[in-house]
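To start, the structure itself, in structure tokens.
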There are 2 protein chains.
Amino acid sequence: MKRRILLSYAATATATTAALAACSPSNTTSTTAGALPNVRWKMATSWPTSLKTLYGAAQRVAQRVSEMTDGRFSIQVFAAGEIVPGLQVLDAVQQGTVECGHSASYYYIGKNPALAFGTAVPFGLNAQQQNAWLYHGGGLELIQKLYSDFNTIAFPSGNSGVQMGGWFKREVNNVSDLQGLKMRIPGLGGEVLSRLGVNVQVLPGGEIFLALDRGAIDAAEWVGPFDDEKLGLNKAAKFYYYPGWWEPGSTFDLQINLTAWNKLPKEYQEIVKAASIQANMECLAIYDTENPIALKRMIEGGTQLKAFSSEIMTAAQQQAFAIYEENASKDATFKTVYEQWKKFRETIYPWSAVSELAYGNFTMAPALQSITGKS
Amino acid sequence: MKRRILLSYAATATATTAALAACSPSNTTSTTAGALPNVRWKMATSWPTSLKTLYGAAQRVAQRVSEMTDGRFSIQVFAAGEIVPGLQVLDAVQQGTVECGHSASYYYIGKNPALAFGTAVPFGLNAQQQNAWLYHGGGLELIQKLYSDFNTIAFPSGNSGVQMGGWFKREVNNVSDLQGLKMRIPGLGGEVLSRLGVNVQVLPGGEIFLALDRGAIDAAEWVGPFDDEKLGLNKAAKFYYYPGWWEPGSTFDLQINLTAWNKLPKEYQEIVKAASIQANMECLAIYDTENPIALKRMIEGGTQLKAFSSEIMTAAQQQAFAIYEENASKDATFKTVYEQWKKFRETIYPWSAVSELAYGNFTMAPALQSITGKS
């Protein structure tokens, strides 16, 4: 279903590309003697402006690059649909329609399934672990190698943290409750739930509320409390499940056309890298600060927090790794990334348990109890 | 004891300062027409070069600033003791002996107790929460206000994650086992344990191994597996406790003399901020990647992992908050920072429990069991 959607976007994207190439003086570079050049870039994004967190991260990259170059290097940010549809950002970057984009690698698993690891996969790494993998565990090199096939270089520039498990109109206690459940959930999470009997639906963010409210679907996942509340999902369903095991720490990327990248002075390249890391750090800080406030407000408004049962989580984890193994057996590139990633995951998991988890279980577990009534 | 040590350093620091002022052409700024100026800074640090993680974070700031300015802005990094002793970095920055330093705010709680919150306090925020507080929760503004009394501005530029609880020659199962235990542990963690009967010792990193090995002390904490292994602590004691509840996510700071800061072109200021955030992110990535490898090696070599008992943790948490309340009642600045911080902590804790903790307990807890034999 994902592939069909991507194909249907392709025609629109090509038309937009042609129109834009005709009218836009893109990648303008002018040099004053002795000073750094003026550069003007366009950034397409996968986000509506209403998605303050992620559109905000894209804006933050542009703002920081401008601040670090006193405005000499400026990047104009466009919302999804303004230049190309939200799921065609990488195409626009590859073709040079725009010099850069802000998107997520897992929107492009139709081009290369291994791109999923650049964002998040079910039962994968949380934000802190993903950053460790990307910045010191060899992950970024692997992901950049995948992007290079699309004439693109990418840098992590946003993270959601562990997302929520989404909104359900009725409780789901075990795997049998999932049979025939119509749920909006894209990507690998959808593939896992499909194998457990869910009737998977793919809808853009803007259509979720109506579908859920009218009962066209029984359940839907989006991001987390802050973003979900903006879509009004708490008005359309009562039960809010956690954790979002299919997106335990989604990374969002700044994607840059390699030809444009190679034209940049080295200083500007280094500034872009630093701006991306800053957006990555701050995006998570914003989610972690705003999510608890939104969650509290929704619980006070009647939302019921529910934990996924161990039965559902266990079955989902088995299916997730079955999918990875199948993909690895069919696709050498997937196998390369998966095996390196899997080894990293197996190495860091016990450490996170000794450090973050042991500390959190003593200090934070009582706080969970105070809002859910359960430990 | 801490204050006495700081005082004993003061004489040395003053002498060094005078010597340096006489010989060093510091904060050299030269401008070529139309281009950004050349700037040369010195950075004192609290770290020996052998502390790859933290000395590495200081070096990383300098390296990134240089890369983003094509070497026009260069910062020379000095190990602890080369310009000033490791615990006198803020003094050197304040006096302008060096333009900047890499240190931790909690080394200077003798100057202002509230500086503890800039690094970490017992039962406080983990790394992800600390970053949320600093970058989006109002924390950095509060900490910078404290630093401004010392003619200094500071930016977070390193984090250890949840540290370990340290090395014990014999098991400590309950509070009565702590009575009279000679343990090397500085700062607020030491103050808490002192109230629980521990005979607190303060020793520099380089002296811990010998003291523990010879039995002059019964226990010692340093940082975590990667750093502790370098000191050889696993050869001096058998039991390795977790979690390090007194340092659940210590932040390390780039401290900058305000006069030097104000002389920088705006672009360079922005570049320094970005370099600091990058060092902050990467420092934690390095700890999270290297700690599990070191921990596994030490366990294979005979180290026994032990969790602090709930009895000890509960008693310690009570003492920690008793100390904060006492400080707040005596010190208006401490009260201001503490109350804002405490509210942030109470807000983010349930969210971390719903997201990171719920996810970690399903996915990572079995991994903990595999290396400790306990869940």
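Only Cα pairs under 8 Å and at least 6 apart count here; give the relative contact order of chain B as a rounded whole percent. Don't skip to the end; give the middle numbers.
Numbers: 656 pairs, mean separation 75.0, N = 375.
Relative contact order comes out at 20 percent.
What does the average come to when, for each residue of peptide B:130-143, you count the partner chain Cβ atoms lying within 10 Å of its Cβ?
Values: counts 1, 7, 12, 3, 2, 9, 10, 5, 1, 1, 0, 0, 0, 0.
Whole-number average of other-chain Cβ neighbours for B:130-143 is 4.
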Next on the checklist: Measuring nothing but label to label, 7 Å from Cα along Cα→Cβ, what are residue A:310's distances to the other copies in nm, shortest first?
Outcome noted: 1.7
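In the neighborhood of residue B:144, defined by Cβ-to-Cβ distances under 13 Å, what is the net charge if each Lys or Arg adds +1 and each Asp or Glu adds -1?
-1
For the range B:160-244, take N as its residue count and report Rg(C-alpha) divided by 2.2 N^0.38 Å. Spell out each step's value before the answer.
Numbers: Rg = 11.5 Å, N = 85, 2.2 N^0.38 = 11.9 Å.
Normalised Rg, Cα atoms only: 0.97.
Using a 10 angstrom Cβ neighbour count of at most 12 plus a DSSP loop assignment to flag exposed trypsin sites (Lys or Arg not before Pro), which longest range of chain B is free of such sites? It would help to have the intermediate numbers written out before the result.
Working: sites that count: B:170, B:214, B:374.
With a cap of 12 other Cβ atoms within 10 Å, the longest stretch comes to B:1-169.
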Checklist entry - So what's the back-of-envelope 222 nm ellipticity for chain B, counting only DSSP H runs of four-plus at -39500 (n - 2.57) apiece and dividing by all residues, rounded to 500? => result -16500 deg cm²/dmol
Checklist entry - Considering protein heavy atoms only and a 1.4 Å probe radius, which residues within the range B:94-129 exhibit an accessible-area decrease of no less than 30 Å² in the full assembly relative to the chain by itself? => result B:126, B:128
Checklist entry - Tell me, what is the per residue accessible area of the range B:41-100 in Å², probe radius 1.4 Å? => result 30
Checklist entry - Per 20 Å bin, what percent of the C-alpha pairs of chain A does each bin hold, from zero upward? => result 28, 58, 13, 0
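Could you provide, to the nearest whole Å², the per residue accessible area of the range A:110-187 with probe 1.4 Å? List each step's numbers first, then the result.
Values: 2020 Å² over 78 residues.
On a per-residue basis, 26 Å².
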Item to check | Solvent-accessible area per residue for the range B:295-375 (1.4 angstrom probe, square angstrom) | outcome: 45
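Less than 14 Å Cβ to Cβ from residue A:217, Lys/Arg counted +1 and Asp/Glu -1: what total charge do the surrounding residues give?
Numbers: positive: A:169, A:170, A:182, A:184, A:214; negative: A:207, A:213, A:218, A:221.
Every neighbour counted, the sum reads +1.
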Checklist outcome for this item: Volume per residue (Å³) of the convex hull spanned by the alpha carbons of the protein assembly as shown is 144
Item to check | Neighbourhood net charge (11 Å Cβ-Cβ; Lys/Arg +1, Asp/Glu -1) for residue B:321 | outcome: 0
Checklist entry - When all C-alpha to C-alpha distances in the range A:272-374 are sorted into bins of 10 Å, what percent of pairs does each bin hold, rounded to whole numbers? => result 11, 21, 36, 26, 6
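Which whole number gives the average, over all residues in A:307-319, of C-beta atoms from other chains lying within 10 Å of the residue C-beta? Kindly include the intermediate steps, with their values, before the conclusion.
On the way: counts 4, 2, 0, 1, 0, 0, 4, 1, 0, 1, 2, 0, 0.
Mean shielding by partner chains, rounded to a whole number: 1.
Nearest 100 Å² is fine: what is the total accessible surface buried where chains A and B meet, probe 1.4 Å?
Numbers: alone 16470 and 16490 Å², together 26540 Å².
Approximately 6400 Å² gets buried when A meets B.
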Item to check | Max mean-square fluctuation residue, GNM over chain A, Cα-Cα springs under 10 Å, options A:216, A:80, A:285 | outcome: A:216
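Please give me, ordered by residue number, the chymotrypsin sites (Phe, Trp or Tyr not before Pro) of the range A:132-193 that lie in loop per DSSP and have at most 13 other Cβ atoms within 10 Å.
Working: sites: A:133, A:135, A:147, A:150, A:167, A:168; in loops: A:150.
Loop-located and lightly packed - none at all.
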Next on the checklist: On the Cα set of the range B:208-315, report Rg and Dmax in Å, please.
Outcome noted: 18.8, 54
Next on the checklist: Can you give me the % of accessible surface on the protein assembly as shown that is carbon or sulfur? Probe 1.4 Å, all protein chains present, nothing else counted.
Outcome noted: 52
Checklist outcome for this item: In the range B:250-275, accessible area falls by at least 50 Å² from chain alone to full assembly (1.4 Å probe) for B:267, B:270
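Quick check: convex hull over the Cα atoms of the range B:68-205, volume per residue in Å³, rounded to an integer? Don't jump to the answer; show the numbers that get you there.
Details: hull volume 20.1 nm³, N = 138.
Roughly 145 Å³ of hull volume per residue.
Quantify how much of the Cα-Cα distance distribution of the range A:158-208 extends past 15 Å, in percent.
Numbers: 642 of 1275 pairs.
It works out to 50 percent of all Cα pairs.
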Checklist entry - Helix A:139-148: angle to the longest alpha-carbon principal axis of chain A, degrees 0 to 90, nearest 10? => result 60
Next on the checklist: Which one, B:84, B:131, B:100, projects farthest toward the positive side of the charge dipole computed for the range B:64-155 from Cβ point charges (K/R +1, D/E -1)?
Outcome noted: B:131
Checklist entry - Going by a 1.4 Å probe on protein heavy atoms, which residues of the range B:144-172 end up with at least 10 Å² less accessible surface in the whole assembly than in their chain alone? => result B:162, B:164
Next on the checklist: What does the structure give for A:286-298 when I average, per residue, the other chain Cβ atoms found within 10 Å of the residue Cβ?
Outcome noted: 5
Checklist entry - Want the number for residue A:82 to residue A:210: 0.36 nm per residue separation, take away the alpha-carbon distance, what's left? => result 43.7 nm
Item to check | Stretch gain in nm, segment residue A:293-residue A:38, where the contour uses 0.36 nm per residue and the Cα spacing is subtracted | outcome: 87.7 nm
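Hey, which of these cross-link pairs are over 31 Å Cα-Cα: B:52/B:238; A:235/A:343; A:169/A:296; A:42/A:145? Please report the intermediate quantities before stating the final value.
Numbers: B:52/B:238 24 Å; A:235/A:343 42 Å; A:169/A:296 20 Å; A:42/A:145 23 Å.
With Cα atoms farther than 31 Å apart: A:235/A:343.
The values are calculated or read from the model by the stated rules, or taken from the named source; none is laboratory data. Note that the structure is predicted; figures quoted are calculated from it, not measured. With ideal geometry, Cβ positions are generated from the backbone for all residues, glycine too; neighbour counts draw on all protein chains shown. Each accessible area value is taken on the protein alone, full model and side chains, heavy atoms only, with ligands, DNA and RNA left out. Shrake-Rupley method; radii C 1.70, N 1.55, O 1.52, S 1.80 Å.
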